[in-house]
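The values are calculated or read from the model by the stated rules, or taken from the named source; none is laboratory data. Just so it is clear, the structure is predicted and the values come from calculations on it, not from any experiment. Please note: Cβ atoms are built from the backbone with ideal geometry, for glycine as well, and neighbour counts cover all protein chains shown. Ligands, DNA and RNA are excluded from the accessible area calculation, which covers all protein heavy atoms including side chains. Shrake-Rupley method; radii C 1.70, N 1.55, O 1.52, S 1.80 Å.
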Amino acid sequence: MTANPPKTAVVTGASSAFGAAYAHRLAERGYALVLVGRNDGRLKAVAADITQRTGAGVEILVMDLTDADDLERLEERLRTDESVQMLVNSAGAAAFSSAAGFSAAATQELIALNVTAPTRLTAAALTGLTQRGRGTIVNVSSALAFY
């Protein structure tokens, strides 16, 4: 184990407004960042803005957390990267339709992103954070998630 690893925050949904806001604040507080999201262009823009404003180190991971392989890669990173001191689960989505309009596939994708991914990432992060004796996990939701 490294004596004094840098402190890193992993932010999912970093290409969205909530995730980007968390990333900016964490960079201002001295964290190096791992920004996770599906929108490569938006992630690059957020990273460039953070780097310009704060000088923080920023890594981009273009991932779809509903994809099993992407989710497994991020879980492994959270378990093994000794610099990770914070996980912000801010990836999420909502759909608007009558109950009859929901397809099984769309419902499964919403569950995968809003329930399965943050649960699995939290469990993976806890493994490393517990071993290192430090860290924080933030789960972001909106009032809309309860409807």
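General observations
- Qualifying residues in the range 59-78 (those that are of a type in the set (A, V, I, L, M, F, W, C) and not in a loop (DSSP other than H, G, I, E, B)) - the one nearest to GLY128 (Cα to Cα): LEU78
Yes or no, residue by residue, for (1) in a strand (DSSP E or B); (2) open to solvent by 40 Å² or more (accessible area, probe 1.4 Å); (3) out of contact with any helix residue (DSSP H, G or I) (no Cβ under 7 Å at 6 or more places or on another chain):
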position: VAL11; (1), (2), (3): yes, no, no
position: ALA23; (1), (2), (3): no, no, no
position: ALA27; (1), (2), (3): no, no, no
position: ARG42; (1), (2), (3): no, yes, yes
position: GLN52; (1), (2), (3): no, yes, yes
position: ALA56; (1), (2), (3): no, no, no
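- For ALA124: the one exception among (1) among the small types (Gly, Ala, Ser); (2) open to solvent by less than 70 Å² (accessible area, probe 1.4 Å); (3) closer than 20 Å to GLY19 by Cα; (4) at pLDDT below 95: (4)
- Filter result for THR51 (of a type outside the set (D, E, K, R), more than 11 Å from the chain's Cα centre (by Cα), at pLDDT 95 or above and over 21 Å from SER141 (Cβ atoms)): yes
- Checked against (1) in contact with an Asp or Glu (Cβ under 7 Å, 6 or more places away or on another chain); (2) open to solvent by 50 Å² or more (accessible area, probe 1.4 Å), MET63 passes all but a single condition, namely (2).
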